[in-house]
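The values are calculated or read from the model by the stated rules, or taken from the named source; none is laboratory data. None of the values given here were measured: they were computed from a predicted structure. Every residue, glycine as well, gets a Cβ built from its backbone with ideal geometry; the counts of neighbours run over all protein chains shown. Protein only, heavy atoms only, side chains kept; ligands, DNA and RNA dropped before computing areas. Shrake-Rupley method; radii C 1.70, N 1.55, O 1.52, S 1.80 Å.
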Amino acid sequence: MNSLPTPPILHGLPASGTGAAAGTAGASPTFSPLYQQIKALLTQGLQAGEWKPGEMIPSEVELAGRFKVSQGTVRKAIDELAAENLVVRRQGKGTFVATHHEARAHFRFLRLMPDEGVPHHPDNKIIEVKRMRAPAEVARLLDLRSGDSVVYIKRVMSFDGTPTILEEMWLPGLLFKGLTAERLVEYKGPMYGLFESEFGTRMIRASEKIRALGADAGAAQFLGVEEGTPLLCAERVSFTYGDKAVELRRGLYLTSHHHYQNDLS
């Protein structure tokens with residue numbers, strides 16, 4: 001296994017990483033606390049695949065020895081990675097790279113919850129999968145050139161037999177070579193788990209815009225409602241390591257028996 005490089009630690013900084021007071025004459029405008037430098041190096045290791053999703057990373061003691069910093073500095077860096085859902089601490093076992101295959105991760109990006117009963121996964125029906133040239137707006141949001149190849153996916157998600165979500169997705173064609181309707185249908189786990197395990201692309205954060213609108217004729221047909229029925233529209237751009245956009249998703253939600261839940265902290 002290749003070791004990560006030694007961090008670019010600034011001379012004279014204590015291991016706590018507090019650094020010099022802001023505004024000190026001659027201070028570098030690119031200064032970052034020591035624990036953030038360690039966090040950046042650990043993130044580089046995750047991005048490079050030194051530790052795969054689901055694998056345990058070295059202990060705090062081992063990492064402190066590797067980077068020649070205090071264990072407390074490493075702990076603070078890992079705390080931030082855990083808060084960002086990049087790693088998961090397991091009491092008495094260690095710290096593991098987060099994976100979309102974990103049960104706790106399944107509802108991180110699916111925010112539609114039932115008004116009554118226990119949250120559960122919907123049944124998926126793939127309507128269409130095709131490769132196409134990226135429309136200008138899709139290219140802009142995915143940081144592609146207009147006309148670059150994208151994979152387009154359309155599906156209906158049903159809860160207890162009731163169509164509830166109509167989704168359209170656009171994925172960069174170069175990253176998702178070989179993604180077909182047949183592969184999506186035969187895969188039984190979460191879609192982000194498929195992206196992670198078979199295409200090496202892990203979604204680590206997303207940005208959403210939400211608005212209300214009335215169902216057009218197409219959405220009404222797929223969701224089995226009258227045209228003009230109120231729907232919640234969520235447009236999401238998902239990012240992987242390095243803040244690289246790797247998915248554009250547009251979902252239309254029927255909220256007669258569900259609601260959108262977001263926990264703020």
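Go through region 42-153 and tell me which helices (runs of 4 or more DSSP H), entirely inside it, have 2 or more residues that are touching an Asp or Glu at 6+ places or on another chain (Cβ under 6 Å), modelled with pLDDT of 85 or more and over 30 Å from residue 180 (Cβ atoms).
Correct list: 71-83.
Evaluation of residue 138 against the conditions (1) touching a Lys or Arg at 6+ places or on another chain (Cβ under 9 Å); (2) in contact (Cβ under 8 Å) with a residue 60 or more places away in the chain shows that the sole unmet condition is (1). Consider region 114-136 and keep the residues that are within 17 Å of residue 252 (Cβ to Cβ) and touching a Leu at 6+ places or on another chain (Cβ under 9 Å). The one that is most open to solvent (accessible area, probe 1.4 Å) is 124.
When we screen 82, 77 for residues that are out of contact with any Leu (no Cβ under 8 Å at 6 or more places or on another chain) and either of a type in the set (A, V, I, L, M, F, W, C) or open to solvent by less than 30 Å² (accessible area, probe 1.4 Å) (or both), the only hit is 82.
Would you mind stating whether residue 13 is surrounded by 11 or more Cβ atoms within 10 Å (Cβ to Cβ), modelled with pLDDT under 85 and over 29 Å from the mean Cα position of the chain (by Cα)?
yes
Where in region 162-265 are there helices (runs of 4 or more DSSP H), lying fully within it, with 2 or more residues that are open to solvent by 60 Å² or more (accessible area, probe 1.4 Å) and under 15 Å from residue 124 (Cα atoms)? So that I can check it myself, show each step before the final result.
On the way: elements: 181-186, 191-199, 217-223.
Result: 181-186.
Restricting 182, 116, 186, 198 to residues that are acidic (Asp, Glu) and within 19 Å of the chain's Cα centre (by Cα) narrows the list to 198.
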